[in-house]
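For reference, the structure discussed in these notes is given below.
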């Protein structure tokens, strides 16, 4: 029976791939979450500290305002003299200011209506602020330092007095003035200037200031440090995770590919990466499957070349022997017999070369043409109609027995190669059917697939050769059949095409009461 071996079945076929946007993958989610986590810590810390700073400054201004209103009322009640033109008694007002408790971090100053300073809490309390001296500098270095800084202590003090004078002048109009400014020492201070009223008359201005803003800001900046350290740690951790989970595995894959290229290895093997459940695991498994398929393809090519060489040697040997003998024959009958042998071997060689050429081009044709939806029952019906229309008297007839319903049987395939498969099966069955016999083509529905069955009434397939018939160049013909009429590639090509389409093909015998009634070749294709 004519048969041929198919190429190695596709290895490591995967049915699905993980696709989608970055957040739809595990590795993409890990990268996004880790990077956003560090940023969230930094932004959250900055917002918390910024809100805390604004709240502290506002709270300090409100506290100074309440305290100043209380002191102003006490001074008004205790130090106001003169009717109907009220005025402040400077000594009494200074005594009241001295008797009140003023925190060390605050400074209170009292001005009359002309803007003259009547009392200062620092002077009344004999308070002396101590601060560290600046580092020693070489002679002439102070001048350059002042020039680079843009100001001198005298200029800073003058600027602070000027800002205070403007603030006091604004309060003289009867409005409470709040400001954040620099004091004489260059420190940032929260200041509140409150007019001292007697009925509607403004008798003076009380100024309260707190010069601890710099310490508040320093504390706020120090509060940012933990958030910054956490953000930095998360960023470093994310970098390490990305390096270990992406950069290092990709580098290993690259080195493995280089080893395959340089050492002429047949496949990549990285089991630890292939076991991962993310995109790199998919990549590793795909590379392993690709190199394994290439290795199988190389083995198949090597075997095919060896088989071709063996099959071509037989007719070439016969032709050479006939040519050498042709010079020795003396009768026309012997010469005619040798000529017929030469013609037979040349025809056999031509069939082998043609079938080998078709088989070698099969992979390229299958990869070049993309599968498309097609009606399997219609294809089989057209093939059977063609044999019916072209068959000669005495040749086995071909009949198609499709399903009862007219619903199409859609598969994703290439009509040309699939048509070649079923023509090979029908030709094989006709070659074994007796004269006037019948070849029956059935198609039926299964669970997610369609099955095609080609039956004949011939001698069947030897049980030991039910798988061998699909090997390349395998030929087994009953006695009396012309030798060399088949190349042994038909069934091998059929199996290769069917497996490329995701199906399978096998042979079995039709039996009844232990008696073989004929051969049955079955092929399945997944439904589209």
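The values are calculated or read from the model by the stated rules, or taken from the named source; none is laboratory data. Quantities reported herein were computed from a predicted structural model and do not represent experimental measurements. Backbone-built Cβ (ideal geometry, glycine too); neighbour counts: all protein chains shown.
If the condition is being buried (at least 22 other Cβ atoms within 10 Å of the Cβ) and touching a strand residue (DSSP E or B) at 6+ places or on another chain (Cβ under 7 Å), then segment 401-420 contributes 409, 411, 413.
Matching residues to (1) touching a helix residue (DSSP H, G or I) at 6+ places or on another chain (Cβ under 6 Å); (2) closer than 22 Å to residue 180 by Cα:
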position: 79; (1), (2): yes, no
position: 85; (1), (2): no, no
position: 88; (1), (2): yes, no
position: 91; (1), (2): no, no
position: 99; (1), (2): no, no
position: 102; (1), (2): yes, yes
position: 117; (1), (2): no, yes
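Checked against the criterion of being closer than 30 Å to residue 293 by Cβ and touching a residue at least 12 places away in the same chain (Cβ under 8 Å), the candidates 395, 365 yield just one match: 365.
Figure legend. Inter-residue proximity from segment 503-520: first residues assigned by TED's automatic domain parsing to the domain that holds residue 468 and at positive phi, second residues at pLDDT below 90 and part of a strand (DSSP E or B), beta-carbon distance below 7 Å, spacing 6+ or different chains. Indicated pairs: 518/510.
Might you let me know whether segment 236-259 holds any residue that is surrounded by fewer than 12 Cβ atoms within 10 Å (Cβ to Cβ), in contact (Cβ under 8 Å) with a residue 24 or more places away in the chain, in the same structural domain as residue 160 (by TED's automatic domain parsing) and in contact with a helix residue (DSSP H, G or I) (Cβ under 8 Å, 6 or more places away or on another chain)? No, because not a single residue in segment 236-259 is surrounded by fewer than 12 Cβ atoms within 10 Å (Cβ to Cβ), in contact (Cβ under 8 Å) with a residue 24 or more places away in the chain, in the same structural domain as residue 160 (by TED's automatic domain parsing) and in contact with a helix residue (DSSP H, G or I) (Cβ under 8 Å, 6 or more places away or on another chain). In a residue-by-residue description of segment 266-278, the property of being assigned to a loop (DSSP other than H, G, I, E, B), over 26 Å from residue 242 (Cβ atoms) and modelled with pLDDT under 80 applies to at least one position. Taking segment 96-111 as the range and being surrounded by fewer than 17 Cβ atoms within 10 Å (Cβ to Cβ) and either under 60 Å from the mean Cα position of the chain (by Cα) or modelled with pLDDT of 85 or more (or both) as the test, only 105 passes.
No other residue among 92, 19, 30 is outside any strand (DSSP E or B), modelled with pLDDT of 85 or more and at negative phi apart from 92. The condition of being under 60 Å from the mean Cα position of the chain (by Cα), surrounded by 10 or more Cβ atoms within 10 Å (Cβ to Cβ) and at pLDDT 85 or above holds for residue 179. Check segment 302-317 and report whether any residue there is at pLDDT 80 or above and under 30 Å from residue 349 (Cα atoms). There is at least one residue in segment 302-317 that is at pLDDT 80 or above and under 30 Å from residue 349 (Cα atoms). Restricting the search to strands (runs of 3 or more DSSP E) fully inside segment 349-454 and requiring at least 2 residues that are closer than 23 Å to residue 507 by Cβ, over 45 Å from the mean Cα position of the chain (by Cα) and at pLDDT 90 or above gives 397-401, 438-445.
Restricting attention to segment 491-528, the residues being assigned to a strand (DSSP E or B) and within 39 Å of the chain's Cα centre (by Cα) number 7.
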